[in-house]
Amino acid sequence: MTIEERDAMEQTEATNGDDRAVTLGGPRRELAPAGHWDWHIPTPFVQGWQLGRLVFVGGQLSADEHGEVIGRGDIEVQTRNVFENVTRVLAEGGATWADVVKLNTYYVFDGPPAEAQTYWEKMTRVRLEYLPAPGPAATAVRVAGLMYDGFLIEVEAIACVGSGASAVAADPERR
C-alpha cells in the first residue's frame, strides 16, 4: 500500500461518511504570521501547523519579534498579547476563536496564596474577551516558571476550521 493509498483510507475512515467530520488527510502547512515573535536563537519550532481542517497553535508567549518579554510583571498585558498572538496564528490557518476546540493555558504566580485567585481572575477576564460561547474544552495550569524569567503565561490551542460556536448553535445535532 502506498502512502497516498493509506492516507486516502485513513481519511475515509476518519470521516465515516459524515460531511461534518474532520478531514485528517492533506498536506501539512506551516503557519508563520508575518511580524510574529520568534525565538532569539535558531530553532526548528514553528508557531503552528494546519492539517486539513485542523489548526495546531504552538505555545504562544508575550514576546516581541526578538523573543523579548512584553508586559513584564503584568498578567493582564501579557494575557492580551498572548491571545493576540494566538489570534494571528489561527487566522493564518483560516480559523477564528469560535473554531478553537481545545485551549491549554500555563501561567506563573508566585505571590502569596491569598492572592492566587485574584491573579487567576485577572488573567481569566482577559481570556474571556476572546472566547465565544460555547467555548473550548480548556485547562489552566499554574506552573513554577516558563521558558525565561518574566514570562507569566503561555497558551496553546487546537482549532477545527468551520466548527465554530455559531455552527454549533445553529445545528442542535452538534450540541
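We did not get these values from a lab; they are worked out from the coordinates using the rules stated. Just so it is clear, the model here is predicted, and its values are computed rather than measured. No Cβ is skipped: glycine too gets one built from the backbone with ideal geometry, and neighbour counts run over all protein chains shown.
For the reader, a short list of remarks on this structure follows.
- Computed packing ranks the peptides 63-73, 46-56 as 46-56, 63-73, most packed first, by mean other Cβ atoms within 10 Å.
- Share of pairwise Cα-Cα distances greater than 20 Å in region 27-174 is 48 percent (whole percent).
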